[in-house]
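Peer 1: What follows is a structure written as structure tokens; I'll ask about it next.
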Amino acid sequence: MGKDSQLQAVLGKDVLTKVRAAKVLLVGAGGIGCELLKDLVLMGYGEIHVVDLDTIDLSNLNRQFLFRHKDIKKPKASTAVAAVETFNFHNSKLVSYMANIMDTKQFPLSWFDQFNFIFNALDNIAARSYVNKMCLFLKKPSIESGTTGFNGQVTPIFPYQTECYECTVKETPKTYPVCTIRSTPSQPVHCVTWAKNYLFGQLFGEDEETSPTDFGTDNQDEIKNMVSEQNELKELKNLATKDDFFESVIDKIFIKDINKLLALEELWKTRKRPIPLAWDSSVKDKIEAITDSDVARGQDVWPIEKYIFLLMRSIKELQQRLADGETDLEFDKDDEVTLDFVVAATNIRSHMFHIPLKSKFDIKQIAGNIIPAIATTNSIISGFSALASLQMFTPNPREGAKMVYTFQDATRFVSTSSVVESNRKCKSCSIPRGVLKINLSHPEIVLGDVVDALVKGFKYGHDEIALILGKDRLIYDVDFDDNKDKKLADIGFQAGEVLLVNDENDEKATVELYIEAMDSGKIEVPNMELPDAPEKEATEEQEDEKEDDDVLQAISDDAPIIIDEEEEAEEASKKHKLDEIDEHETTTSKKQKTSEGQDHVLIE
């Protein structure tokens with residue numbers, strides 16, 4: 001029995017032949033990526049390229065089963081490839097890259113074009129959006145997958161035919177390594193998680209100890225510091241009924257602990273160093289002047305002194321609960337006292353780590369939506385993603401493609417639906433795209449040559465276009481032609497950059513062009529016909545004018561117009577006042593329409 005015989009029995013000879021010849025890209029070798037790579041290798045895919053920028057952390061080992069403790073700090077992509085080689089029975093060609101998929105030098109658009117389709121198993125929105133855009137430029141299918149706790153989804157994407165990744169709003173992932181939360185926060189949500197899930201529980205909740213193996217780091221100094229921090233918090237908790245408990249919290253949590261972190265030089269080689277909380281007589285004087293009414297409005301972001309006051313007030317109220325016999329207090333976002341503690345601790349920590357402060361309202365939203373990653377969900381979604389890929393080898397992949405969802409429900413865990421059409425208002429797939437090839441090393445090409453080539457190639461019939469390079473840098477329009485005689489290198493043109501071309505006359509649709517370098521010639525504009533510019537949604541004022549015009553057109557030439565004399569006088573007065581400011585052409589033209597060739601019947 002041949003090694004492919006079982007696969008052939010399941011897939012059929014024709015499909016298996018196509019799978020064996022397929023060349024695919026897997027972006028991401030984390031929770032979903034590890035499972036998906038295993039599935040693709042066992043399915044016999046001919047060639048699989050794996051890209052991941054990260055290295056393996058200790059916290060990855062509980063859900064990324066291709067990695068072992070000995071692999072910590074090794075690249076995820078190459079380690080995952082090495083792991084699946086042990087059961088690569090079909091001799092799939094495996095290529096790994098430890099790199100950023102958004103690196104245009106290592107991964108130009110032409111590199112993406114070599115693959116039949118792309119699997120997206122990423123955990124951040126920016127990279128997913130970027131891969132989505134590359135697929136739109138190349139009109140290349142992709143399979144997007146993701147999980148949030150027990151919920152997950154698999155979405156086949158056919159550019160400009162079905163919903164792309166950005167057609168719907170996606171939530172930011174909310175799982176973070178312990179070492180990030182405890183030692184090196186960089187986002188407000190890190191500080192919220194620290195205040196809610198760690199500090200509050202350690203001081204007022206049930207005793208819960210984190211094992212050093214779950215810290216997510218192999219830096220021994222950092223591990224020792226976190227273990228010491230845990231032990232000191234236990235001692236601090238024993239002081240919760242003392243009058244000076246608040247002062248002890250300030251001294252230990254926001255001064256001494258930060259100084260200990262600063263002593264770990266390895267952590268701050270590429271990060272901005274935190275600053276311990278200033279706690280002197282001048283700060284204390286400011287806090288004494290603050291009243292409850294000063295911290296009553298939850299939509300505002302306050303000075304740091306007000307958050308220290310809020311922390312002091314909430315700690316005193318929580319101490320009273322303990323004195324009244326309550327034990328093992330729990331955080332509840334709808335409990336004002338526990339919420340105040342988390343809000344205050346979050347913003348004080350954010351302040352020390354140079355992170356933007358958040359309002360009480362914002363923190364309440366964040367604190368209520370922190371969801372853990374579930375290994376089983378990753379495995380299930382990876383399996384469905386692998387199965388969805390088989391549809392790509394059918395005569396009409398779009399026709400039978402299905403989206404798959406998992407969710408917590410008493411009667412059903414998995415649901416499917418047909419893929420839906422693209423969102424016409426999507427910022428990514430609602431505009432046409434193409435590849436603009438330029439000989440960037442040519443010594444004579446200037447921006448004016450690019451403008452002329454675009455006007456001719458896209459048949460604008462005028463030169464009133466605007467060019468935006470990158471995200472938002474205007475480099476040319478009819479009123480700003482300073483760069484027209486400049487060389488492209490001086491303006492910032494480079495391979496992998498994106499150029500947005502906008503028709504200032506609103507006749508043709510805006511087009512986005514990927515700049516690709518070529519070795520000969522000058523400029524090659526993509527051979528594509530731009531659609532007409534979409535109609536702009538009318539404003540209320542425009543709708544009112546349209547209604548007025550419709551009424552005027554509905555009146556026949558020989559029909560009398562009946563006018564209320566008082567209303568006419570009032571309108572004339574209004575018109576006179578407007579005329580004093582500015583002559584309105586539309587109003588004038590309408591007035592002429594009603595006065596020429598019409599009989600007026602005045603009603604007294």
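The values are calculated or read from the model by the stated rules, or taken from the named source; none is laboratory data. Computed from a predicted structure; not experimentally measured. Cβ placement follows ideal geometry from the backbone for every residue including glycine, while neighbour counts extend to all protein chains displayed. SASA here: full protein model, heavy atoms, side chains in, ligands and nucleic acids out. Shrake-Rupley method; radii C 1.70, N 1.55, O 1.52, S 1.80 Å.
Peer 1: Of everything in the stretch 307-335 that's within 32 Å of the chain's Cα centre (by Cα) and surrounded by 14 or more Cβ atoms within 10 Å (Cβ to Cβ), which residue is farthest from Asp362 (Cα to Cα)?
Peer 2: Phe331
Peer 1: Next question, about the same structure. Which of the residues spanning the stretch 111-150 are among the β-branched types (Val, Ile, Thr) and open to solvent by 10 Å² or more (accessible area, probe 1.4 Å)?
Peer 2: Across the stretch 111-150, the qualifying residues are Ile125, Thr147, Thr148.
This table checks each residue for (1) on the phi > 0 side of the Ramachandran plot; (2) surrounded by fewer than 18 Cβ atoms within 10 Å (Cβ to Cβ); (3) in contact (Cβ under 8 Å) with a residue 24 or more places away in the chain.
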{"site": "Phe413", "(1), (2), (3)": "no, yes, no"}
{"site": "Thr416", "(1), (2), (3)": "no, yes, no"}
{"site": "Glu421", "(1), (2), (3)": "no, yes, yes"}
{"site": "Lys427", "(1), (2), (3)": "no, yes, yes"}
{"site": "Val435", "(1), (2), (3)": "no, yes, yes"}
{"site": "Ile445", "(1), (2), (3)": "no, no, yes"}
{"site": "Val450", "(1), (2), (3)": "no, no, yes"}
{"site": "Ala453", "(1), (2), (3)": "no, yes, yes"}
{"site": "Glu464", "(1), (2), (3)": "no, yes, yes"}
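Peer 1: Would you confirm whether any residue within the stretch 289-301 is within 27 Å of Met226 (Cα to Cα) and either modelled with pLDDT of 95 or more or assigned by TED's automatic domain parsing to the domain that holds Arg349 (or both)?
Peer 2: Scanning the stretch 289-301 turns up no residue that is within 27 Å of Met226 (Cα to Cα) and either modelled with pLDDT of 95 or more or assigned by TED's automatic domain parsing to the domain that holds Arg349 (or both).
Peer 1: Failed condition for Ser382, given (1) out of contact with any Pro (no Cβ under 6 Å at 6 or more places or on another chain); (2) surrounded by 20 or more Cβ atoms within 10 Å (Cβ to Cβ); (3) closer than 18 Å to Thr162 by Cα, with all others met?
Peer 2: Of (1) out of contact with any Pro (no Cβ under 6 Å at 6 or more places or on another chain); (2) surrounded by 20 or more Cβ atoms within 10 Å (Cβ to Cβ); (3) closer than 18 Å to Thr162 by Cα, only one is false for Ser382: (3).
Peer 1: Do the conditions hold for Val435, that is, is it under 23 Å from Asp532 (Cα atoms) and at pLDDT below 90?
Peer 2: no
Peer 1: Counting just the residues of the stretch 388-432 that are outside any loop (DSSP other than H, G, I, E, B) and aromatic (Phe, Trp, Tyr), which one comes out modelled with the highest pLDDT?
Peer 2: So the residue we want is Phe393.
Peer 1: Right, something else. Considering only the stretch 89-165, give the strands (runs of 3 or more DSSP E) lying wholly within it that have at least 2 residues that are within 21 Å of Ile380 (Cα to Cα) and either in contact with a helix residue (DSSP H, G or I) (Cβ under 8 Å, 6 or more places away or on another chain) or not aliphatic (A, V, I, L, M) (or both).
Peer 2: In the stretch 89-165, 117-120, 142-148, 151-157 are the strands (runs of 3 or more DSSP E) which contain 2 or more residues that are within 21 Å of Ile380 (Cα to Cα) and either in contact with a helix residue (DSSP H, G or I) (Cβ under 8 Å, 6 or more places away or on another chain) or not aliphatic (A, V, I, L, M) (or both).
Peer 1: Related question: Of all residues in the stretch 119-133, which are more than 17 Å from His49 (Cβ to Cβ), in contact (Cβ under 8 Å) with a residue 40 or more places away in the chain and not basic (Lys, Arg)?
Peer 2: Selection gives Asp123, Asn124, Ile125, Ser129, Asn132.
Peer 1: Being at pLDDT below 90 and assigned to a strand (DSSP E or B) is the filter here; which residues of the stretch 439-493 pass it?
Peer 2: Selection gives nothing.
Peer 1: Let me ask something else about it. Return the residues of the stretch 348-381 that are out of contact with any strand residue (DSSP E or B) (no Cβ under 7 Å at 6 or more places or on another chain) and polar (S, T, N, Q); say none if nothing qualifies.
Peer 2: The answer is Ser350, Ser359, Gln365, Asn369, Thr376, Ser379.
Peer 1: Which one of these is among the basic types (Lys, Arg) and under 18 Å from Arg433 (Cβ atoms): Lys487, Lys508?
Peer 2: It is Lys508.
Peer 1: While we're here: Inside the stretch 1-35, can you point out the residues that are assigned to a loop (DSSP other than H, G, I, E, B), open to solvent by 70 Å² or more (accessible area, probe 1.4 Å) and touching a residue at least 60 places away in the same chain (Cβ under 8 Å)?
Peer 2: Within the stretch 1-35, Lys3 is the sole residue that qualifies.
Peer 1: Let me ask you something else. Ile255 versus (1) open to solvent by 60 Å² or more (accessible area, probe 1.4 Å); (2) β-branched (Val, Ile, Thr); (3) closer than 18 Å to Cys191 by Cα: which is the lone unmet condition?
Peer 2: (1)
Peer 1: Let me ask something additional. Need pairs with beta-carbon distance below 6 Å; first residue more than 20 Å from Asp244 (Cα to Cα) and within the stretch 317-337, second open to solvent by 80 Å² or more (accessible area, probe 1.4 Å) and not in a helix (DSSP H, G or I); sequence gap 6+ or separate chains.
Peer 2: From the stretch 317-337, the pairs are Asp328/Glu206.
Peer 1: Quick one: would you say Gly44 is open to solvent by less than 10 Å² (accessible area, probe 1.4 Å) and either of a type in the set (S, T, N, Q) or in contact with a helix residue (DSSP H, G or I) (Cβ under 6 Å, 6 or more places away or on another chain) (or both)?
Peer 2: It is true that Gly44 is open to solvent by less than 10 Å² (accessible area, probe 1.4 Å) and either of a type in the set (S, T, N, Q) or in contact with a helix residue (DSSP H, G or I) (Cβ under 6 Å, 6 or more places away or on another chain) (or both).
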